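Throughout, read-outs are computed from the coordinates displayed, never taken from laboratory work. Keep in mind that this is a model prediction, so the values were computed, not measured. Reconstructed Cβ throughout: ideal geometry from the backbone, glycine too, with neighbour counts over all protein chains shown.
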Amino acid sequence: MKSWSSPPVPTLSGTGGPLRVHDTASGQVQEIAPQERAGLYVCGITPYDATHLGHAATYLTFDLVQRVWLDAGLDVTYVQNVTDVDEPLLERAARDGVHWEDLAAGEIDLFREDMEALRILAPAHYVGAVEGIPDDVRAIEQLVASDAAYRIRVPREDGAVEEEAHDVYLDLAGQPSFGSVSGWTREQMMEVFAERGGDPDREGKRDRLDPLLWRAAREGEPSWQGGSLGAGRPGWHIECSTIALTYLGAPFDVQGGGTDLIFPHHEMSAVQASALTGREPFARAYVHQAMVGLDGEKMSKSKGNLVLVSRLRRDGVEPMIVRLALLDHHYRTEWEWTDDDLTSATERWGRWRAVAERVDSERAPSEAELRTVAEVRARLADDLDAPGALESVDRWAEQGAGGGTSGSAVSRAVPDAVDALLGVQLLR
Ligand code: 5CA
Ligand code: ZN
């Protein structure tokens, strides 16, 4: 699938890193220090509604991961999927009387525009679930052949289109690594499984938590030829297992997404990948963005309590101000969007821009400016402390360069670092 265009990233003198981030699986902040190449997989959107600030916060967090790695001199391969066929998309399309493919195409276009406006670096591989179906089929056939997966006959009254239609599930009993990503108890898992796309009550399942790998074709639902599986479509989690294995291989460095994906999605995509490769871990670290809320609830497409990036853009809000508002919250802290976020980001943008207007590109950086660059690097490398990085740029803006009198020229060093590391473009 077509990705979007990345903004240029200035090269800074020296190098930053290494990156330390919080890994959900170990519960620790740990150094992620790939040798030369770094692999990042981030769970992309289900394109049934427009990008809200919660999504934007997630993609911004992993944009910082990529920027810190690039600044550390690494070669980064970034992969992101699009869940362009799944229940929520089909349900919304049916509700609104539009074709699901048209709904998806429109929302993906809008997402690309939002990402470009926010200066999020584009993935090298932006892959739709539909494009990945042939890989899913091969993977599921392998799991069935090795008895890691089992089939459940679909009764005709379920709308099955074929006489001998079967759904396919992973047999978790054969997967000792199950549970290692979330570290959750079975009770915790059961509590959210159904509301997050699972089907604990499906008759014939060996374990109520077994994840669906292949859904046989039903009347009125899109389906694809699945070789020996028959016509159908993949379950949600397998798309991320196979896309990551195809484009990164296991283990790769960071699997990312919001905390709402810890279980079942990241748990299941990891255990499915291990069942396929016989290797653990799937990812060396699982990094999760805390939920962004509005009016006391998680901002979500299904609840409809959204602040949309595209809406803010249409209202004429400078995208760099939205980016600054998001950066002012640490990725591991839940927060709620309020108008104050926009107000304080607007003020900060004004203060920074006023200093950036005095840039003299010929000028060598002062000691103080170099210290600011080092501080921004250090704050981000330390578990992506973006709010801390903003504070150090605030001090630069307050003091002017090198403690000089207000109004004197500054070098490019800090604006270039703000651009390369924080993705905020001050010089136009
Ligand atoms: N397509 C799947 C992942 S394979 C999916 O979860 N799509 S989504 O559109 O629902 O969410 C896209 C990304 O935004 C996911 O990484 C999700 O964890 C994250 N996300 C969703 N809501 C929020 C929120 N309120 N705050 C922060 N991140 C969020
Ligand atoms: Zn995913």
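Once the Cα atoms are used to define both axes, helix 339-356 deviates from the longest principal axis of the chain by about 40 degrees. Peptides 371-382, 355-366, 388-399, 231-242 ranked from most to least packed by the mean count of surrounding Cβ atoms within 10 Å: 231-242, 371-382, 388-399, 355-366.
Once you keep just the Cα pairs under 8 angstrom separated by 6 or more residues, what percentage relative contact order results for region 235-342?
Values: 109 pairs, mean separation 28.4, N = 108.
Reported as a whole number, the value is 26 percent.
Rounded to whole numbers, the Karplus 3J(HN,Hα) couplings from phi for region 369-377 are 5, 5, 5, 4, 4, 5, 5, 4, 4 Hz, using 6.51 cos²θ - 1.76 cosθ + 1.60 with θ = phi - 60°, and x at Gly and Pro. Principal axis extents of the C-alpha atoms in region 183-244 (largest first, rounded to whole Å): 37, 30, 20. Taking the inverse of the mean 1/r over every pair of distinct Cα atoms in region 223-309 gives a Kirkwood hydrodynamic radius of 14.9 Å.
Helical runs assigned H by DSSP (4 residues or longer) give the chain a calculated mean residue ellipticity at 222 nm of -12000 deg cm²/dmol, each run adding -39500 (n - 2.57) before division by the residue total. Taking the DSSP beta bridges in the chain as the whole, what percent of them are antiparallel, to the nearest 5? If I count the DSSP bridges inside the chain, around 45 percent turn out antiparallel. When the Gaussian network model of the chain links Cα atoms closer than 10 Å, the mean-square fluctuations of Val309, Val154, Val21 top out at Val154. A protection proxy built from the mean count of other Cβ atoms within 10 Å ranks the segments 79-89, 170-180, most packed first, as 79-89, 170-180.
Summarising the amide proton neighbourhood of Ala72: residues at separation of 5 or more, or on other chains, whose placed amide H is nearer than 5 Å comprise Gly16. Amide H contacts of Val359 (H built 1.01 Å from N, in plane; Pro and chain starts excluded): Val410 sit under 5 Å, all sequence-distant by 5 or more or on other chains.
Each of Val192, Val307, Ala270 was scored by the projection of its Cα onto the charge dipole of region 170-319, and the greatest displacement toward the positive side belongs to Val307; charges sit on the C-beta of Lys, Arg, Asp and Glu.
Every Cα-Cα pair in region 350-428 was counted, and those over 17 Å apart are 35% of them. Normalising by residue count, region 276-337 has a Cα convex hull of 151 Å³ per residue. For region 236-248, backbone phi angles converted through the Karplus equation (6.51, -1.76, 1.60; θ = phi - 60°) give residue-by-residue couplings of 5, 5, 5, 4, 6, 4, 6, 5, 5, 5, 5, 9, 10 Hz, Gly and Pro being listed as x.
Karplus-derived 3J(HN,Hα) values for region 144-149, using 6.51 cos²θ - 1.76 cosθ + 1.60 with θ = phi - 60°, are 5, 4, 8, 6, 7, 10 Hz; glycine and proline are entered as x. With bins 20 Å wide beginning at 0, the percent of Cα pairs of the chain falling in each bin runs 25, 53, 18, 3, 0. Working from Cα pairs under 8 Å separated by at least six residues, relative contact order for the chain is 20 percent.
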